[in-house]
Amino acid sequence: MTKGLLYKSTRGSLKEATSSEAIINGIAEDGGLYVPSCIPDLDPVLIPDFVNLNYSELAQIILPLFLTDFSSEEIKSCVEKAYDSKFDSPEIVPLTRAGDVFFLELYHGATAAFKDLALSILPHMLTIAAAKVNLRKNIVILTATSGDTGKAALESFAGVRGVKIIVFYPNNGVSLIQERQMTTQMGENTYICAIEGNFDDAQTGVKKIFNDAGFNRYLMENNLVLSSANSINIGRLIPQIVYYYYAYLQLVRQNEIENGQFINLLVPTGNFGNILAAYYAKKMGLPVQRLICASNENNILYDFINTGVYDKRRNLKLTMSPSMDILISSNLERLIYDIYGNDAENLKKLFEDLKSNGYFSIAEDIKEKIADFWAGYATETQTLEAIKKSWVEKSCLIDTHTAVGYHVYCEYREATNDRTKTVIAATASPFKFPASVLRAIDCNFDTYKDENEFQMLRILSDFTGCKIPGPLEVVANLKIRHNNICTVDEMQKFVLGSLGLRGY
């Protein structure tokens, strides 16, 4: 079924792309996002054969279903280079039971966040893809980040020959540790800039650059081509499917479920990419009963799933879970395209409404197609309470994003009385947000609340007895190498300057 699987644009371009072309391009030429022409099947009957596979072996089964122009040898090379000793757990993504819930720990990579799982492999896929399409130009990775994508992408692409990477992030919109991870990044091919605005401004500015035909022609004339490391790039999204299958296999291996038994997947998300990967896994045949979407106070996805109305006419709130401080959830476009039966015209109308009026509403019969989703959200107070509850009752230390998920999980169980085994995507190390975690669990927090986040790393470790992840332990002492800031209107100018080009 997947032989020769191609990718098409959500905006209706008739020009299909191979997986290599889609990965290189990042965004389709008509401004749409690439989606598979079909979702490949992975028969759950085969799961018993996979139970004892390690993470890399499982990835070598799932990825070829989507990357049909890659040879098995090429995929094996990508996988083995990606999932190696840079991860501090031999399982890569261990599944930890804490009472009645299972946390899928996605933060054992080089930057202590879930983005490492996909961004560790993307540079290797990109290098092979470039050779396949005979690309003789240098690649410029252009990315906006709400906190974690930036560092994970910088870490993965630093020093890669023929690639430059430019990352924009919202000034005062990420944690101090997240910012310092980016601004201390080494590598002559890395460029980082804060923008005066929020993540949505950064993301919109990046998309505007991608869609500027004249600017892209100018880059081509200078032997350069744009690509992306955000989850708008299908090469970022596909590897995330692997860890949902791996979670299921671990449940079977640990005798928590029988093969074929349904589970729930709960994902804290802002840009909708991580839960879209879970949705694709479910469509492939993974036995998933309910996809639970967890939002923070920027609960636009909660409203959409419950009402069918996507309304961005609200103020973005800066919260203690900054990677979810998003009002324009890019990957929702892929879901809309799917539930509308791949109808690009209807999708374009909806997103024109969003651009013109600030909202869109899906038809009632279409809303029924997202019935497998359930959505909840956590306030700032509820997030702190969830961190404390997890620590006090389960001796499990979780970060602010995972805490949003844990609160929604408790809310879901109370509202539905559903006792299906549930896996929560634990998206970041609690040590990435030490001040918020300490505020939640230490009643003496006020005595040292004015300490900076780096000092709080040690305090949190001493208080809990948990070890600081290596990449975070050293970041305070690294030299700041990037100290740039610009307005949204100056983003293109910063790109040109980073590439050593004049205005076009």
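Before moving on, here are some points about what is shown:
- Residue in region 435-444 that is nearest to T319 (Cα to Cα), counting only those that are buried (at least 16 other Cβ atoms within 10 Å of the Cβ) and not aliphatic (A, V, I, L, M): S436
- Only one of I398, I387 that is assigned to a loop (DSSP other than H, G, I, E, B), under 22 Å from the mean Cα position of the chain (by Cα) and buried (at least 22 other Cβ atoms within 10 Å of the Cβ): I398
- Residue list for region 36-45, restricted to those being in contact with a helix residue (DSSP H, G or I) (Cβ under 9 Å, 6 or more places away or on another chain) and either in a strand (DSSP E or B) or without any contact (Cβ under 8 Å) to a residue 60 or more places away in the chain (or both): P36
- All conditions in (1) more than 27 Å from K349 (Cα to Cα); (2) β-branched (V, I, T); (3) in contact (Cβ under 8 Å) with a residue 24 or more places away in the chain hold for I75, with the sole exception of (3).
- Conditions (1) closer than 24 Å to N223 by Cβ; (2) crowded, with 23+ Cβ neighbours inside 10 Å; (3) in contact with a Leu (Cβ under 7 Å, 6 or more places away or on another chain); number of the one not met by V140: (2)
- Evaluated against (1) at pLDDT 95 or above; (2) in a helix (DSSP H, G or I); (3) farther than 30 Å from N222 by Cα, A476 falls short on exactly one condition, (1).
- Out of S85, S72, S19, sole residue that is under 30 Å from T204 (Cβ atoms) and of a type in the set (S, T, Y): S19
- Meets criteria (touching a residue at least 24 places away in the same chain (Cβ under 8 Å), under 28 Å from T402 (Cβ atoms) and assigned to a helix (DSSP H, G or I)) for A59: yes
- Residues within region 292-349 that are among the β-branched types (V, I, T), part of a strand (DSSP E or B) and more than 22 Å from Q240 (Cβ to Cβ), tallied: 1
- Every residue from region 445-463 that is of a type in the set (V, I, T) and more than 10 Å from P434 (Cβ to Cβ): T447
- Helices (runs of 4 or more DSSP H) lying entirely in region 205-289 (those with 1 or more residues that are buried (at least 21 other Cβ atoms within 10 Å of the Cβ) and either at pLDDT below 95 or aromatic (F, W, Y) (or both)): 234-253, 273-284
To keep it simple, each residue is scored yes or no on (1) under 25 Å from D489 (Cβ atoms); (2) of a type in the set (S, T, N, Q); (3) assigned to a strand (DSSP E or B).
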position: G150; (1), (2), (3): yes, no, no
position: L154; (1), (2), (3): yes, no, no
position: R161; (1), (2), (3): no, no, no
position: V167; (1), (2), (3): yes, no, yes
position: G173; (1), (2), (3): yes, no, no
position: M186; (1), (2), (3): no, no, no
position: G197; (1), (2), (3): yes, no, no
position: A202; (1), (2), (3): yes, no, no
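- Among (1) surrounded by fewer than 22 Cβ atoms within 10 Å (Cβ to Cβ); (2) modelled with pLDDT of 95 or more - the single one Y337 does not satisfy: (1)
To keep it simple, each residue is scored yes or no on (1) in a loop (DSSP other than H, G, I, E, B); (2) buried (at least 16 other Cβ atoms within 10 Å of the Cβ); (3) on the phi > 0 side of the Ramachandran plot.
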site	(1), (2), (3)
K15	yes, no, no
S20	no, yes, no
I24	no, yes, no
A28	yes, yes, no
E73	no, no, no
D84	yes, no, no
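- Candidate set: region 405-434, residues that are basic (K, R) and surrounded by fewer than 24 Cβ atoms within 10 Å (Cβ to Cβ); chosen: the one nearest to L95 (Cα to Cα): K421
- Test: I468 is free of Cβ contacts under 8 Å to residues at least 40 places away in the same chain, crowded, with 16+ Cβ neighbours inside 10 Å, under 24 Å from the mean Cα position of the chain (by Cα) and in a loop (DSSP other than H, G, I, E, B): yes
- Taking the criterion of being within 19 Å of E105 (Cβ to Cβ) and of a type in the set (G, A, S), the residues of region 428-439 that qualify are A428, S429, S436.
- Selection over region 115-153 of residues that are over 21 Å from D69 (Cβ atoms) and of a type in the set (D, E, K, R) gives a count of 4.
The values are calculated or read from the model by the stated rules, or taken from the named source; none is laboratory data. These figures come from a predicted structure and were not determined experimentally. Reconstructed Cβ throughout: ideal geometry from the backbone, glycine too, with neighbour counts over all protein chains shown.
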